[in-house]
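The values are calculated or read from the model by the stated rules, or taken from the named source; none is laboratory data. If you're wondering where the values come from, they're calculated on a predicted model, not measured in any experiment. We place every Cβ from the backbone using ideal geometry, glycine too, and count neighbours over all the protein chains shown. In case anyone asks, the SASA skips ligands and DNA or RNA and just uses the protein heavy atoms, side chains included. Shrake-Rupley method; radii C 1.70, N 1.55, O 1.52, S 1.80 Å.
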Amino acid sequence: LTGRENVYLNASILGLTRRETERHFDAMVDFSGIERFIDTQVKFYSSGMYVRLAFAVAIHVDPDILLVDEVLAVGDEPFQRKCLERIRGFQHEGRTIVLVTHGLDQVAEFCDRAVVLEAGRITADGLPRDALKVLRADFEVARQEEITRTQSAEGAARPLAQITGIALCSDEGETGHPTLAGGSGLTIAIQVHATTRLTDWILGVGLTTPMGTTLYQTNTKLTGVPPEPLLGTGRYEF
């Protein structure tokens, strides 16, 4: 079927009459941004084009509950921004939105409740901030396990020292996962345990986005404050 035929088919499945579809057709196609290809068979569409058209139909059905499954992972930036603006509009109207996504920033921005699933089992259900904390901790465990497997496979020696604890504190005294206002400072306390005496060593910190993009980093060499030799456990602040 062509894109045009798919609009009518999809809309009918979602409960619109042919007359209602005709009334909304131009708006649907305009929102999708694929007017030039509307009479092309969808088997020639990219996955992004197909999802754009499906999303455009879904939001014109006037839904009480909108299920959005990874739709924001496709399309160019202007289309994604258009989708997010429409989702915000639905929120303001009091509609229910179920967002299925691996985009954690979107969860933090839009959701007032988040559920983390692992192998079909709920591992967290509550405020997005708390759920994302559980998910990212799970990611970190998996990352450390992968590092351990790699080191074992390569016969790597046991590290001379490890970071065994990290604590955050804002200038206002908020600890744990402090919310920082613009211009506010942050103190990062790091606990290090050395199994072999460390001399002439460097300790560093970095801030990254969830995708791994570095926002800021520094270390004791750059700051010109070399740490004292260490054997056992030491605590340091940036």
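Structure summary
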{"item": "Qualifying residue in the range 66-82 (condition: in contact with a Ser or Thr (Cβ under 9 Å, 6 or more places away or on another chain), among the acidic types (Asp, Glu) and at pLDDT below 90)", "result": "yes"}
{"item": "Out of Tyr216, Tyr236, sole residue that is more than 27 Å from Asp112 (Cβ to Cβ), open to solvent by 90 Å² or more (accessible area, probe 1.4 Å) and among the hydroxyl-bearing types (Ser, Thr, Tyr)", "result": "Tyr216"}
{"item": "Residue, most open to solvent (accessible area, probe 1.4 Å), within the range 30-54, restricted to residues that are charged (D, E, K, R) and in a helix (DSSP H, G or I)", "result": "Arg36"}
{"item": "Filter result for the condition that a residue is open to solvent by less than 70 Å² (accessible area, probe 1.4 Å), assigned to a helix (DSSP H, G or I) and over 20 Å from Gly103 (Cα atoms), over Val61, Val57", "result": "Val57"}
{"item": "Long-range neighbours under 9 Å by Cβ, at least six apart or interchain, first residue within 18 Å of Gln191 (Cβ to Cβ) within the range 167-180, second surrounded by 13 or more Cβ atoms within 10 Å (Cβ to Cβ) and among the small types (Gly, Ala, Ser)", "result": "Ala167/Ala189; Leu168/Ala189; Cys169/Ala189; Thr175/Ala167; Gly176/Ala167"}
{"item": "Test: residue in the range 144-158 that is out of contact with any helix residue (DSSP H, G or I) (no Cβ under 8 Å at 6 or more places or on another chain), in a loop (DSSP other than H, G, I, E, B) and either in contact (Cβ under 8 Å) with a residue 12 or more places away in the chain or not hydrophobic (A, V, I, L, M, F, W, C) (or both)", "result": "yes"}
{"item": "Sole residue being modelled with pLDDT under 90 and either touching a Leu at 6+ places or on another chain (Cβ under 8 Å) or open to solvent by less than 50 Å² (accessible area, probe 1.4 Å) (or both), chosen from Gly155, Gly126, Gly185", "result": "Gly185"}
{"item": "Close pairs from the range 204-230: first more than 15 Å from Thr187 (Cβ to Cβ) and touching a residue at least 24 places away in the same chain (Cβ under 8 Å), partner open to solvent by less than 80 Å² (accessible area, probe 1.4 Å) and outside any loop (DSSP other than H, G, I, E, B), Cβ under 6 Å, at least 6 apart", "result": "Pro210/Leu104; Pro226/Thr220; Pro227/Thr220; Leu230/Ala194; Leu230/Leu198"}
